[in-house]
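Taking it in order: structure first as structure tokens, then the write-up.
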Amino acid sequence: MALTTMGDQPLDRSVDSTSPGQEEAEAIENLVIVGSGPAGYTAAIYAARANLSPLLITGFQDGGIPGGQLMTTTHVENFPGFPDGILGPDLMDRCKAQALRWGTRLLEADAEAIDLSRRPFLITAEGRPIRAQTLILATGASANRLQLPSEERFWSRGISACAICDGATPQFRDEELAVVGGGDSACEEAVYLTKYGSHVHLIVRGEQLRASAAMADRVLANPAISVHWRSQVADASGDDAWMNAILLQDIATGSIRELPVRGLFYAIGHTPNTRLFRDQLQLNAAGYLITQPGRPETSLEGVYAAGDVADAEWRQGITAAGSGCQAALAAERWLSHHNLAVTVRRDNVEPLEVGEPKRTAISDEANFDPAALWQKGGFALRKLYHECPNPLIVVYTSPSCGPCHVLKPQLKRVLEELGGRAQGVEIDIEADQEIAVQAGVSGTPTVQLFLNKELQQQWKGVKQRSEFRQAIEALLPAPV
Ligand code: NDP
């Protein structure tokens, strides 16, 4: 793609004098978008179609996983255009593909620092500076925790912030489980967990559910769910291996009783992710970015907010997407007004179509390939575990687990980079329960690294690609 300016006047490429040699060499971005939920990707789609070649910093671990909260949701039934609903991670895959198709550039990393005291703005990611004329903050919000006295002790051993990610783990099968919260997330998770647990207790601190009527009706009509009104969790108890009860307190009387459950799932709302800019922009008392009413402009010209980071009230996928659109159009206008936009000229006026995502087939005797980089299922695992001379990565996933969705392409990329010197297998713990039990998996994603049938290392949750690569490389024979 070739670069061209939008207006007639020369570009303002001025930089301040703090480190001139280095910074003058840096390209100045038209627009950097921070965050990859529906707000970030919608902003990217609009800005890319405006030929602004936006750079989108997806985030990685700070403030949740790439794709945002929809990555930890199952069926999204209220996003227009999907009459039968769509899985949250699938919706985000589509948004991402659409943004890429129109020329968004992605940086799959956390933004580490944002300095709004100078123009162009300075963003640091992966340790390198990025200069931007305009900025869209779409950093979303992170799941809250209850901070129970025993929370750390039972974290991932009964207590989880994501029923959708962890519900399928063997320890929760046919056990009584509890969800705290009364919003859409709590109701959705309670219904979801009835698939795995023998009974689900929904712990609600108030006298009514805050969730949408359709979702609340579904919970109240489900005989596998009991709602405990005006109740709160005081603590959890168990043995060294796993939680086996919670202490349930009646808020009106203060009385406490033990409720035997093997799982406790938090769905108690979110806190906006503003750490990187909270001292530089105006926030409201609850910590949300303040924008002009109904508009994306923040307290600083050229900086726009989109999605949950500035929305304490609506917080829907569709409202986030709408605000992303507004933010991109506002940034485009601002760049144009100040004659700062450097637009790209497309070589292909019609970008290639994306098509449907490819799914890995489950390996069996007929299609197992001993040299394949990535395979799926128990058959492939047994074969490779016994016969593979290379380091073997095994990733345990569950069907609607968003973090698994994020992690798998990262692992595949590592294996591709290593050019066949290591291989990978994916195990769906819902389909292969026995394997998950044998492997001691207590949540997804879990990654295990084997060499010659020996477990070398294990990771829980999403980690940086470099961490896996270094661990595998340490097992490879030194080059001669
Ligand atoms: P909400 O903020 O809507 O609800 C949080 C719930 O947690 C409330 O019931 C709140 O109680 C309760 N709570 C908060 N703190 C505590 C605490 N310390 N102890 C006990 N309970 C507590 O968050 P959600 O994550 O449910 O939803 C966020 C947004 O996402 C909403 O706009 C929702 O509509 C949307 N959403 C949509 C979905 C869908 O359409 N598929 C799925 C999930 C979410 P109280 O009511 O008393 O304040």
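Read-outs throughout are calculated quantities, based only on the coordinates presented, and are distinct from any laboratory measurement. None of these values were measured; they are calculated from a predicted model. Virtual Cβ from ideal backbone geometry, glycine too; neighbours counted across all protein chains shown.
For the reader, a short list of remarks on this structure follows.
- Rounded, prolate or oblate (a/c below 1.5 giving rounded, otherwise prolate when a/b exceeds b/c) for region 151-266 by Cα gyration tensor: oblate
- As a proxy for reagent exposure, 165, 325, 401 were ordered by neighbouring Cβ count within 10 angstrom, fewest first; the result is 325, 165, 401.
- Protection proxy ranking for 335-343, 232-240, 173-181, 471-479, using the average of other Cβ atoms within 10 Å per residue and placing the highest first: 173-181, 335-343, 232-240, 471-479.
- Isolated Cys residues of the chain, judged by Cβ distance under 4.7 Å to other cysteines: 95, 187, 325, 388
- When the convex hull of its Cα atoms is projected in every direction, mean area for region 374-473 (nm²): 5.4
- For the chain: lysine pairs under 20 Å (alpha-carbon distance), excluding those fewer than 8 apart on one chain: 16
- Charge dipole (region 151-266, unit charges on Cβ, about Cα centre) - positive-most of 203, 259, 214: 214
- Distance between the modelled labels on residue 362 and residue 337, one decimal in nanometres: 5.8 nm (7 Å Cα→Cβ projection).
- 11 Å cut-off, amide nitrogen to a point 7 angstrom out along residue 290 Cα→Cβ, residues in region 250-282: 281-282
- Here the chain is treated with +1 on each Lys and Arg Cβ and -1 on each Asp and Glu Cβ, and its dipole about the Cα centre works out to around 340 debye.
- Taking the Cα centre of region 374-473 as reference, the dipole from Cβ charges on Lys and Arg (+1) and Asp and Glu (-1) amounts to some 220 debye.
- Which of 394, 162, 83, positive extreme of dipole for the chain (C-beta unit charges): 83
- Global size of region 294-430 as Cα Rg and Dmax, reported in angstrom: 22.8, 65
- What separates the Cα centres of region 97-111 and region 445-461 is a distance of 30 Å.
- Computed from the alpha carbon positions, the gyration tensor of the chain leads to an equivalent ellipsoid with semi-axes of 39, 31, 20 Å, biggest first.
- Rounded Å value of the spacing that divides the Cα centres of region 255-329 and region 142-205: 23
- Helical content of the chain, expressed as a calculated mean residue ellipticity at 222 nm, amounts to -7500 deg cm²/dmol (DSSP H runs of 4 or more residues, -39,500 (n - 2.57) each, divided by residue number, nearest 500).
- Of every Cα-Cα pair in region 216-300, the percent that sits beyond 15 Å: 73
- A straight chain from residue 275 to residue 345 at 0.36 nm per residue would run longer than the Cα-Cα distance by 21.6 nm.
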